[in-house]
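The structure appears right after this line, and notes come after that.
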Amino acid sequence: MPAVTFHVDAVLFDMDGTLVDSTAGVVGAWELFKQRYPGINVEDTLSSAHGVRTVDNLKKYCGIENPEELTSEAHRFEMAIVTESTAKGRPGIVKLPGVAEAMQEISSGRRHPNPSWAICTSATREYALAALANAGIDVPDAFVAAEDVDFGKPAPDPYLLGASKCGVKPENCVVFEDAPAGIQSGQSAGCKTIGFLTTHSKTQMEAVGPDFLVPDMSCVSLKLSTGGGIDISVEVD
């Protein structure tokens, strides 16, 4: 299979659906919340909620408006993802294909003063740290969580901040995402985008026009460059 290679100053990763599979826990959490908010249609919610901050989803699907209640319920929801990921014999929060190999290649680039990659997630910091620990992924020094930005994806804020934390310009970064909202966020920030087909259909992802669209991280090779940044190779059809 042919490959396209290019260099970037930094890689900006989404987390859920890009680095880790937390689907089982997310489904379980929405099923629990349906008991508290009977108006939730779990199937419809799952089809469009991925990649968006929990507070924004709870506002939309549960009708919660009070800021303090939103914060409290978002915490409850995200901690339910962790517990529900292993309930009823579910597999837990695990690395997606190709992620272990990619992390091994770029692990040493996660530290200050010049990190070459960041994680920019729509999840809260507490949940994200728990999810990464469960999956066995090291947390980079350049880390952006939901509470770090005023506006979540599809706004550009998470990826603009991620690039800033790496000390580079966003136009010299590539974003890895599995959700349309995340691709739109990366595009709005001025980044190149690579979409994965781990949580959404090909039609849904093609509609937002990522620069590359591949099944998952197993189709991408990452290597730290001797001059800084990361060299990327993407397998294309």
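The values are calculated or read from the model by the stated rules, or taken from the named source; none is laboratory data. Since we're looking at a predicted model, the values are computed, not measured. Note that each Cβ is placed from the backbone with ideal geometry, even for glycine, and that neighbours are counted across all protein chains shown. Accessible surface is based on the protein model in full, side chains and every heavy atom, while ligands, DNA and RNA are left aside. Shrake-Rupley method; radii C 1.70, N 1.55, O 1.52, S 1.80 Å.
Things worth noting here:
- Highest average packing first - 145-151, 161-167, Cβ atoms within 10 Å: 161-167, 145-151
- Inter-part distance where the range 176-229 and the range 81-152 are each reduced to a Cα centre, Å: 16 Å
- Packing around the peptides 67-73, 90-96, 78-84, taken as the average count of other Cβ atoms within 10 Å per residue, puts them in this order, highest first: 78-84, 90-96, 67-73.
- 0 to 90° range, to nearest 10: angle between helix 67-84 axis and the chain longest Cα axis: 80 degrees
- Around E43: net Lys/Arg minus Asp/Glu count, Cβ-Cβ under 13 Å: -1
- Carbon + sulfur, % of accessible area of the chain - ligands and nucleic acids excluded, 1.4 Å: 50 percent
- Surface accessible to a 1.4 Å probe, per residue, for the residues of the range 137-176, Å²: 39 Å²
- Summed residue charge, Cβ within 12 Å of V175's Cβ, Lys/Arg positive, Asp/Glu negative: -3
- If R0 is 35 Å, the Cβ-Cβ spacing of Y37 and E171 corresponds to a FRET efficiency of close to 0.30.
- Dipole axis of the range 1-99 (+1 Lys, Arg; -1 Asp, Glu on Cβ), positive-most option in I64, V52, L32: L32
- Residue (of G186, V168, L222) at the positive-pole extreme of the chain, dipole from beta-carbon charges: L222
- Each residue of the range 108-115 was assigned a 3J(HN,Hα) from its phi angle through the Karplus curve 6.51 cos²θ - 1.76 cosθ + 1.60 (θ = phi - 60°); the sequence is 5, x, 8, 9, 5, x, 10, x Hz, with glycine and proline shown as x.
- Lysine pair count for the chain (Cα-Cα distance under 16 Å; residues 8 or more apart in sequence or on different chains): 6.
- Each residue of the range 20-32 was assigned a 3J(HN,Hα) from its phi angle through the Karplus curve 6.51 cos²θ - 1.76 cosθ + 1.60 (θ = phi - 60°); the sequence is 10, 9, 10, 4, 4, x, 5, 4, x, 5, 5, 5, 5 Hz, with glycine and proline shown as x.
- Solvent-accessible surface (1.4 angstrom probe) belonging to Y127, in square angstrom, nearest 10: 0 Å²
- When the surface is traced with a 1.4 Å probe over the full set of protein chains, K223 keeps roughly 110 Å² accessible.
- In a reduced charge model with +1 at each Lys and Arg Cβ and -1 at each Asp and Glu Cβ, the chain shows a dipole moment near 220 debye about its Cα centre.
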